[in-house]
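**Q** Sharing a structure with you now.
The values are calculated or read from the model by the stated rules, or taken from the named source; none is laboratory data. Worth saying up front: this structure is predicted, and the values here are computed from it rather than measured. Positions of Cβ are generated from backbone atoms using ideal geometry, with glycine treated the same way; all protein chains shown enter the neighbour counts. Quick note on the areas: whole protein, heavy atoms, side chains included, nothing else; ligands and nucleic acids left out. Shrake-Rupley method; radii C 1.70, N 1.55, O 1.52, S 1.80 Å.
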Amino acid sequence: MGLFSRRKTVFVDSDILVIGGGMAGCGATYESRYWGRDLKVVCVEKANIERSGAVAQGLYAINCYMGMQWDENQPEDHVRYARNDLMGLVREDLGYDIARHVDSTVHKFEEWGLPIMKDPETGRYLREGQWQIMIHGESYKPIVAEAARKAATKVYNRIMVTHLLMDKSKTNRVAGAVGFNVRTGDFYVFRSKAVIVSAGGASHIFKPRSVGEGMGRTWYAPWSSASAYALPILAGAKMTQMENRIVLTRFKDGYGPVGAYFLHLKTYTENAYGEEYESKWYDHTKELVGDYIDRHPVPTCLRNHAFLEEVKAGRGPIRMVTKEAFQDPHKETVGWENFLGMTIGQAVVWASQNIDPKHTNPELTTSEPYVMGSHATCSGAWASGPDDYAPSDYQWGYNRMMTIDGLFGAGDTIGGTAHKFSSGSFTEGRIAGKAAVNYVNDLGKEQPAVDETEYNDLKKTIFQPLENYEVGRNEIVAGTVSPSYILPIHGLQRLEKIMDEYVGGIGAHYTVNEPLLTRGLELLDMLKEDLEHLAAEDLHQLQRVWELQHRVLASESVAQHTMFRTETRWPGYYYRADHPKLDDKDWHCFTLSRYDRKTGEWAMEKAPVYHIID
Ligand SMILES: Cc1cc2nc3c(=O)[nH]c(=O)nc-3n(C[C@H](O)[C@H](O)[C@H](O)COP(=O)(O)OP(=O)(O)OC[C@H]3O[C@@H](n4cnc5c(N)ncnc54)[C@H](O)[C@@H]3O)c2cc1C
């Protein structure tokens, strides 16, 4: 017990606790202060909000901007677009709510110093596509973080949150969170009246294409470790659409983005023999999904589907035709700058592989699957909608409150709302922040309180891997191998292999069936048993332990949802080989799950999809 009693415990009290200071967390912190002038608003982040989250290295475009001031698009248009891209299934109330507020967010970014490119003729923001505007965005995150820093009562950097704390008298009410400082090892108990989870998406739950020395190279941020899902899941919050993992078509080996290439440079793809291939798969795809293939724009997953089929037919690799566009010096500059502001690694990969896109058409590939709620996909927590717009089935409390009292979410955390991207995630954070302030103000004397036994037990659980290492290292047989513990990297690789082979990763051509999923779930169960023996050599490894714990729980949720939805709704993202077609009759609905941490059981149900916009 000595190890735990010596460790310092720091108590932090707040009215609103924001977990994760990425785009959504910065939005939540900023807006909580705006509406809650006298409230104590605390933001806790496992890295440093200055450069944390998926926008850490900058972006070249803001992908969600309506342009209502110039009547370019209306919020309804964006809902139609997202609904179409997600094969009919989005929370239209939540999407509309973001779309109607997102322009004001972007205007704030500009006011705070973000350089947004302008069309020299019209003076409007320079469009890359219908929804995207182009920015000089290398410093996007520091600019946004500054606003959050000024708004917060205090930002706690370098603290990894591991568990939420529940109210000791009301079981379905949140009361705070616990975590540890990844530099000092201090244990933190955050007591708060409301909690907003904005901890990003999940990479590294499926085996990545880059392994070994390249395993840190993934499309979504490698540090997006599924806390956004595991924290609410463990607390018993309902989740939605967790089967809706995303697969990205990207430049090979560097995961360089293709959006600016397609939309702005007007480059296009061809197979290894220089042929257009998407139209070849039209009849085949129509067989699977009906007239979703006739929608404009063609849904992202269906474009992946044509790519995958063409490669399976032996006519890969698929290439992006850059040679034509790059003859124009302006387009050539834009093509390179696109990477320099966002994915510098792609430029380095091309240089190292002798690829000059002016002379060589670079290869594309499809990524391993990721789980997130803000891109062309919408996995996440099931949340209450805006009171002026959400149907009654989608409303049980405050806007963006999960099925747990006082627990809010935003960005990748919240399910059902695809295509919010960086600006939409910040906007959703603002929406959640405002609602959380209302919740806190309405609490009156009914304040939540944490249970001392609960956080003391968690303290022991959180630091146990350090003790496992202290004891187990005496039995090391070779190198770092000990019969009595597993290291986080071993657990991670085992998880990625299970997910890859049984839950639809690259190794299985994104294909699953019931027997595969059943076995995958059994193997995940065995992995969970072994996680009790995780060992951490130092605080860095302790962080890896808890990231792995979060990834495993989120993965289990993905597998359970994939098993439940007996159709192939998004070919190109994944295939249920035993139910190969889209089935609108039985599955034009959301899937919901609730995890019971006492029994380890998952309760699954369907929820209706309401089409509010015609
Ligand atoms: C490669 C790439 C390209 C993209 N391109 C674009 C683009 O061109 N345009 C665009 O608009 N959007 C783009 N996006 C999308 C955009 O980055 C995301 O939509 C947005 O960042 C999601 O916001 P978020 O707050 O949910 O997550 P994040 O911004 O990732 O923030 C999550 C935060 O939570 C922290 N955290 C995680 N776990 C914990 C924990 N347990 N305890 C404490 N803190 C924790 C993380 O460190 C991080 O700071 C891109 C994303 C990627 C990865």
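**Q** Going by a ≥ b ≥ c, the root eigenvalues of the Cα gyration tensor, does the stretch 115-167 fall in the rounded group (a/c under 1.5), the prolate group (a/b larger than b/c) or the oblate group?
**A** prolate
**Q** Carbon and sulfur atoms: what percent of the 1.4 Å accessible area of the stretch 228-315 do they account for?
**A** Carbon and sulfur together cover 53 percent of it.
**Q** Answer with one residue from Pro317, Gln241, Ala272: the one whose Cα lies farthest towards the positive end of the charge dipole of the stretch 200-347, charges on Cβ with Lys, Arg +1 and Asp, Glu -1.
**A** Looking along the dipole axis, the top candidate is Gln241.
**Q** Using the heavy atoms of the protein chains and a 1.4 angstrom probe, tell me the accessible area per residue for the stretch 137-262 in square angstrom.
**A** 28
**Q** Counting DSSP beta bridges with both partners in the chain, what percentage is antiparallel, nearest 5?
**A** Here the share of antiparallel DSSP bridges comes out near 65 percent.
**Q** Once you charge only the Cβ atoms, +1 for Lys and Arg and -1 for Asp and Glu, what is the size of the charge dipole of the stretch 244-327 about its Cα centre, to the nearest 20 debye?
**A** Dipole about the Cα centre, nearest 20: 340 debye.
**Q** Could you pull out the longest piece of the chain with no exposed loop GluC sites (Glu not before Pro) in it, calling a site exposed if DSSP puts it outside H, G, I, E, B and it has at most 14 other Cβ atoms within 10 Å?
**A** Longest gap between qualifying sites, sites excluded: 122-274.
**Q** Quick one: grab the alpha carbon gyration tensor of the stretch 457-554, order the square roots of its eigenvalues as a ≥ b ≥ c, and give me rounded if a/c is under 1.5, else prolate or oblate depending on whether a/b is larger than b/c.
**A** Judged from the Cα gyration tensor, the stretch 457-554 comes out prolate (a/c at least 1.5, a/b above b/c).
**Q** Does the chain come out rounded, prolate or oblate, given a ≥ b ≥ c as the square roots of the eigenvalues of its C-alpha gyration tensor, rounded meaning a/c under 1.5 and, failing that, prolate meaning a/b above b/c?
**A** rounded
**Q** Moving on to the next point. Could you tell me the relative contact order of the chain? Use alpha-carbon pairs under 8 Å, at least six residues apart, and round to a whole percent.
**A** Relative contact order, the chain: 21 percent.
**Q** For the stretch 462-510, which whole percent of the accessible surface, found with a 1.4 angstrom probe, sits on carbon and sulfur atoms?
**A** Summing carbon and sulfur atoms, their accessible area is 56 percent of the total for the stretch 462-510.
**Q** Sequence gap at least 6, Cα distance under 8 Å: using those rules, report the relative contact order of the stretch 368-490 to the nearest whole percent.
**A** Dividing the mean separation by the residue count of the stretch 368-490 yields 20 percent.
**Q** If you place +1 on the Cβ of every Lys and Arg and -1 on the Cβ of every Asp and Glu, how big does the dipole about the Cα centre of the chain come out, in debye to the nearest 20?
**A** I would put it at about 1360 debye.
**Q** Moving on. Just how large is the dipole of the stretch 477-614 about the Cα centre, in debye to the nearest 20, putting +1 at every Lys and Arg Cβ and -1 at every Asp and Glu Cβ?
**A** 140
**Q** Now for a separate question. Please give the contour-minus-distance gain from Glu514 to Lys323: 0.36 nm per residue of separation, less the Cα-Cα distance, rounded to one decimal in nm.
**A** Going from the current span to full extension adds 64.3 nm.
**Q** Out of the trypsin sites (Lys or Arg not before Pro) in the stretch 8-67, which ones are loop residues according to DSSP with at most 14 other C-beta atoms within 10 Å?
**A** Lys8, Arg37
**Q** Here's a follow-up. Residues of the stretch 385-536: accessible area per residue at 1.4 Å, in Å²?
**A** Counting only protein heavy atoms, the per-residue value for the stretch 385-536 is 40 Å².
**Q** Okay, moving on. Enumerate lysine pairs in the stretch 80-207 that are 8 or more residues apart or on different chains, then count those whose Cα atoms are under 21 Å apart.
**A** 9
**Q** Can you tell me the length gained on complete extension of the stretch His490 to Lys150, counting 0.36 nm per residue apart and subtracting the Cα distance?
**A** 118.3 nm
**Q** Next question, about the same structure. Could you calculate, for the stretch 112-214, the ratio of the Cα radius of gyration to the Kirkwood radius, expressed as Rg to Rh?
**A** Over the Cα atoms of the stretch 112-214, Rg/Rh equals 1.12.
**Q** Here is a follow-up. What's the extension gain from His330 to Val211 if we count 0.36 nm per residue and subtract their Cα-Cα distance?
**A** 39.3 nm
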